[in-house]
Amino acid sequence: MWGGRFAAGPSAIMREINASIPFDKALWRQDIQASKAHARMLGKAGIVSEADSQTILNGLDRIAAEYESDGVPEDWDLEDIHMTVEARLTEMIGPVAGRLHTARSRNDQVATDFKLWVRDALDRASAGLLALQRALVTRADEHAAAIMPGFTHLQTAQPVTLGHHLMAYYEMARRDVARFSAARERLDECPLGSAALAGTGFAIDRDATAGELGFAAPTRNSLDAVSDRDFAMDYLMAASQCAIHLSRLAEEMIIWASQPYGFVRMPDTLSTGSSIMPQKKNPDAAELVRGHTGRIIGCTTALMVTMKGLPLAYSKDMQDDKPPAFEAAGLLELCLAAMTGMIEGCTFNTERMRAAAELGYATATDLADWLVREADIPFREAHHITGAAVKMAEAKGVALDALSLDDLRGIDERIDERIFAALSVDASAASRNSYGGTAPDQVRARVAEAASQLGIAL
């Protein structure tokens, strides 16, 4: 390729550091798709003959069939997927293949190919999130009224419902979908036709190629078009946020599956055993989701650091844009599938959850609120009275609602028998009936809204 400029070929070191075919061969479908759009446009614009355009298109179809069947060959002397396709096209159709590169550069070619690939990755992530959302909503509907302890600092705080807890992750996933959607919208401009950096003197039709490739419009600045990798960073940042949410859910499942909690039994299909301890059932899939999140965040950081100091327009550093995106996408899609399967297949021990809520003095706030509301006691004083009641219950080894009226009146004589209607975990959860609260009626309303948005019947 460089024979007209250099007297000697590249050294072995240069050959190895320069070749990207081992990883960018993943772009072969996008490269052929974009090349076909370009060839068709060249023919219609009269820049190459219609006959040559059709010959090129036929050759590209034959290459696609070969790669689909046999995979992409790795010839490091050809450097990348773009030259690999062009070389094979030349073998097939002869010198006419050389007309394909008219009015384009590898700079706008790779930007277009990579955008097409990232667009597909965004769609796959959104589809994976849709499956997870459906699983969360289905299980939340099933457990809309199941009582469990709500936690702050991993300490029992107030009773909530399992359905409410699961719907919290639905909300995270909903925001993730919005981030991927916004990234896709910003990506929706086609770089093809920007050439090396300054555009081209040929009378090309950029609207035609943009439209054929499914973009809303061509890019408006050729310098930016060939050097922009915002679309890849947008994807990676959305992927990182999504992975963080998956990791938080995975961590809760790990904790809940431990014997001291016993809130959930993981599906056998997403668990492993121990090589030495036959009683073990390890939540390895959840742990790997948690671990893979660090790698996805690392991929995001890697590309951001690569891009941070690059002047306009293209620099070879940008060859390193694809490995982190490819790695993160593979990991994210696997994590989404794993967490969806986990939510669909796990068994929740709602009796154990309820018992934990009852023994954790989760209704202490309800006692304080009752004192404020019914006995007209300032909240800080009510807080102190409630603390004394919790201390007594701990000493007796019972739940708050198991204390007798005499016990409670011994702490403060303003307490009467009405307090017991507020101290059960069911009453506590039902009383949190504000919009977005944990009351079963509120949970069912949010589940119904989500099911409607997702197009599922419950």
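The values are calculated or read from the model by the stated rules, or taken from the named source; none is laboratory data. What you see is a predicted model; the values in this text were computed from it and never measured. Here Cβ is always computed from backbone atoms with ideal geometry, including for glycine, and neighbour counts include all displayed protein chains. Note: accessible area is taken over every heavy atom of the protein model, side chains too, but ligands, DNA and RNA are not part of it. Shrake-Rupley method; radii C 1.70, N 1.55, O 1.52, S 1.80 Å.
Tabulated results
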read-out: For the range 196-257, accessible area per residue (1.4 Å probe, heavy atoms of protein chains only), Å²; value: 41
read-out: Fully extended contour minus Cα-Cα distance, from ARG15 to ASP426, at 0.36 nm per residue; value: 141.0 nm
read-out: Extension reserve of the ASP70-ARG265 stretch, reckoned as 0.36 nm per residue once the Cα distance is removed; value: 65.9 nm
read-out: Among 387-395, 224-232, the order from most to least packed when residues are scored by Cβ within 10 Å on average; value: 224-232, 387-395
read-out: Full-stretch length increase - ASN433, LEU458 - with 0.36 nm per residue and alpha-carbon distance subtracted; value: 6.8 nm
read-out: Alpha-carbon Rg with Dmax, taken over the range 107-356, Å; value: 22.2, 76
read-out: Distance (nanometres) between label positions extended 7 Å along Cα→Cβ at PHE23 and ARG418; value: 6.8
read-out: Positive minus negative residues near HIS101 (Lys, Arg vs Asp, Glu; Cβ under 13 Å); value: -1
read-out: Cα centroid separation - the range 198-224 against the range 38-77, whole Å; value: 19
read-out: Scattering profile of the range 12-102 at q = 0.11 Å⁻¹ [log10 I(q)/I(0), Debye over alpha-carbon scatterers]; value: -0.31
read-out: Hull shadow area, averaged, the chain [alpha-carbon convex hull, nm²]; value: 30.0
read-out: Cα-based radius of gyration of the range 99-168 once divided by 2.2 N^0.38 Å, which approximates compact folds; value: 2.08
read-out: Estimated D of the range 286-412 in µm² per second, where Rh is the Kirkwood radius over Cα pairs and Stokes-Einstein applies at 25 °C, 0.890 mPa s; value: 123
read-out: Across LYS36/LYS308; LYS36/LYS115; LYS115/LYS308; LYS115/LYS316, pairs whose alpha-carbon gap is larger than 26 Å; value: LYS36/LYS308
